[in-house]
Structure formats: structure tokens, C-alpha cells
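The values are calculated or read from the model by the stated rules, or taken from the named source; none is laboratory data. Remember, predicted model here, so these are calculated numbers, not experimental data. We place every Cβ from the backbone using ideal geometry, glycine too, and count neighbours over all the protein chains shown.
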Amino acid sequence: MRFQTPISLDEVIRLIGHPVNIFGHTDRMVTGLNELHSVEEGDLTFVDCDKYYTRALQSKATFILINRTEMPCPDGKVLIFTEDPLIDYLKIVENFTHFTPQSTNIHPTAEIGEGTVIQPLVFIGENVKIGKNCLIHSNVSIYADTVIGDNVVIHSNSTIGADACYFQKRADRWVKLSSCGNTVIGNDVEIGCNCCIDKGVSGTTYIGDGTKFDNLVQVGHDTHIGKRVLLGAQSGIAGCTYIDDDCKIWAKASVNKDLYIAKNTVLYALSAIDKSVQQESTTLFGVPAIDAQTKWKELIYVKNLPKLYHDVEELKKK
């Protein structure tokens, strides 16, 4: 999330609402908010668990809300020490976001291009931009700040730009990380029925030109899907994942969070990727997914295990 006008650290402290300790150059200006997976220089982010301390300190973020006072302040960064970084981060987020109830199906601020057809019962939120010659079928919901290119087809009951599923477990409840990002869909994209594309929790969820969705596809927050990607029915892509161009993700396949999937990767149906795929034009199968030919051989070996067991027992008798 980029600010229209940078804010000072004094303003950050005012929004937090309680005293904090700051180390670093206090005269620097905050230009945006982002959670750790999407940070850029000038951003303010937060970190509060062992898994991500090093990553946060080595990230592009300039300002870091952090709860470990023994951490050294790297050059060029500003550390803001507080007992609960997430809650203080959310105070700042909520100051720059808003929800306005809507009394009409299409918000007055929405921009809809020439030749675009909006079927009955479509919901279009505040500041949505839809390009030319699109077809939006009935019962589609397009949340605020979504941007859709030209020649896009969205089939019935799909939802574009809903909040990210991003929660932190506390002793007595789940704390929701408020979404302040958006969703951008390129040109010539087709999205099937009952698909859900979550907005970025702080950045953009992006769907590239020419990409096609079957029905019941789920795409998580801050994910980037490249050009001409094909996603089969009931496939799921977790948040903060980057899928490069020309990949094929077949039915009921899934990709874990925060991964990179190289160009031309093929993931067979019912498979699941749990590690980044760096080599282009790889075909994967299984859970967890491995080279498809290797997996087929493994399945043959498993199929032959009963016979092997029988042969071993016979040898033992002899």
C-alpha cells in the first residue's frame, strides 16, 4: 500500500498511540505499508516471530515494527520497538483504509469501458475500473479498487478482491490482518464460475494477460500469476506465490504459499507443490509433487509390493 503523501515517524507514533523506542534515522519519511512478503524501500512493516526476524532485517523495508529489543539496527533502517508489532501495524493500516456501505449494485465511482456487458445482479464496488469489451455474468462480486483489463470474461458467482485469509493465532482469538491491497486482472483473461481471487493483504494480487481459469479456483492474497497460465477446476494457489508465464495447473492441484514456479511448469491433477520450482518446463506429479516420470515409476514399484512381499515370504519358507 503506497501513501499518496509520505508521513513522518511522529505521525506513525501518533497513530500507534503509546510510547515506543526508535533506533535509526528518525527524520526519514514513511512512503507505504506492506507485510513482509511484499515490502519495498520506504515501507513500514512488522515482525514478531522467530521465523521471520532475519528476513525482515534483510528485507527492502525501511521501517520495521519489532518486539525484540536486542536486535541490532541495520544501516539504512529504522527499528520501532513495541510489545505487539501486529496490533500497532493494524492501527496504522486502519487509519488509511475504510469500508463504506453501498446502496446500489454499481458504485458511482466505478469506471466501465466501452462495449462491456454487465449482467443483472452483478456487484461492482468503489473505485473499480473495468476495461473495454468485457462480459461480467450474473452474481459476480467485484470488490473495491479492483482493476480489470479489456476483453475479460468472468462467469457467474465468482468473487474478485475479497479480503485475504490472513490471521494470527492468539491465546483467546484469531487476529485478522486487515487487507489494504487490491486485485489487478490483465487483458483477455477468462475466469470460470465460483472462483475466488483475494486482494493483496498489502500489495496487489495480479492475474496476467491471457490467463484462463476453470470453475472453483482459489487464488490467495498477493499472488502473481503470469501470462497465459491455465488453472484447472478446484485448483488452489496460496498467498504470496509467483507463478511465471505459460504454466498449467490441472484440476484439484495446489501450490503452497510464498513459492516461485518457473515458466512452462506443468502440475498434474491432484498434485501439490510445497517447494519452489526453479527449472523451466518441468512436469510434476504427486504429493509432494516431483518429476512426473519418477513418480509414475514409484507408483509401479508400489503396485508390485504385494507380489514382492509374497516372493520374499516364499523364499523365507524355503
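Before moving on, here are some points about what is shown:
- Of all the residues in the range 206-232, those that are free of Cβ contacts under 8 Å to residues at least 40 places away in the same chain and on the phi < 0 side of the Ramachandran plot number 18.
- Residue within the range 118-141 that is surrounded by fewer than 17 Cβ atoms within 10 Å (Cβ to Cβ), within 19 Å of ASN187 (Cβ to Cβ), more than 23 Å from the chain's Cα centre (by Cα) and β-branched (Val, Ile, Thr) present: no
- Residue match in the range 71-94 (condition: under 16 Å from CYS180 (Cβ atoms), among the acidic types (Asp, Glu), part of a strand (DSSP E or B) and outside the structural domain of SER158 (by TED's automatic domain parsing)): no
- Some residue of the range 262-277 being in contact with a Cys (Cβ under 7 Å, 6 or more places away or on another chain) and either assigned by TED's automatic domain parsing to the domain that holds GLY200 or under 22 Å from ALA162 (Cα atoms) (or both): no
- The number of residues in the range 220-237 being polar (S, T, N, Q) and either in contact with a Pro (Cβ under 8 Å, 6 or more places away or on another chain) or buried (at least 20 other Cβ atoms within 10 Å of the Cβ) (or both) comes to 2.
- Residue satisfying condition, being free of Cβ contacts under 8 Å to residues at least 60 places away in the same chain, closer than 16 Å to ARG228 by Cα and either touching a His at 6+ places or on another chain (Cβ under 8 Å) or of a type outside the set (Asp, Glu) (or both), within set LYS275, LYS263: LYS263
- Check on TYR242, surrounded by fewer than 19 Cβ atoms within 10 Å (Cβ to Cβ), within 16 Å of ILE197 (Cα to Cα), without any contact (Cβ under 8 Å) to a residue 60 or more places away in the chain and of a type in the set (Phe, Trp, Tyr): yes
- For ILE13, the test of being more than 21 Å from THR97 (Cβ to Cβ) and of a type in the set (A, V, I, L, M) is failed.
- Among the residues of the range 196-208, at least one is buried (at least 20 other Cβ atoms within 10 Å of the Cβ) and acidic (Asp, Glu).
- Restricting the range 145-164 to residues that are touching a Cys at 6+ places or on another chain (Cβ under 6 Å) and assigned to a loop (DSSP other than H, G, I, E, B), the residue that is surrounded by the fewest Cβ atoms within 10 Å (Cβ to Cβ): SER156
- Failed item in (1) over 26 Å from GLY208 (Cα atoms); (2) in contact with a His (Cβ under 7 Å, 6 or more places away or on another chain), with ASP258 passing the rest: (1)
- Answer residue from the range 28-55, given it is within 18 Å of the chain's Cα centre (by Cα) and assigned to a loop (DSSP other than H, G, I, E, B) and is surrounded by the fewest Cβ atoms within 10 Å (Cβ to Cβ) among those: GLU40
- Qualifying residue in the range 113-135 (condition: part of a loop (DSSP other than H, G, I, E, B), within 18 Å of VAL93 (Cβ to Cβ) and hydrophobic (A, V, I, L, M, F, W, C)): no
- Candidates are the residues of the range 86-100 that are of a type in the set (Ser, Thr, Tyr) and closer than 17 Å to TYR143 by Cα; the one that is nearest to the chain's Cα centre (by Cα) is THR97.
- Considering residues of the range 11-27 that are modelled with pLDDT of 90 or more and over 20 Å from ARG68 (Cα atoms) only, the residue surrounded by the fewest Cβ atoms within 10 Å (Cβ to Cβ): ARG14
- In the range 103-116, the residues that are surrounded by 15 or more Cβ atoms within 10 Å (Cβ to Cβ) form Cβ pairs under 9 Å with partners that are modelled with pLDDT under 95, at six or more places apart or across chains, as follows: HIS107/THR100.
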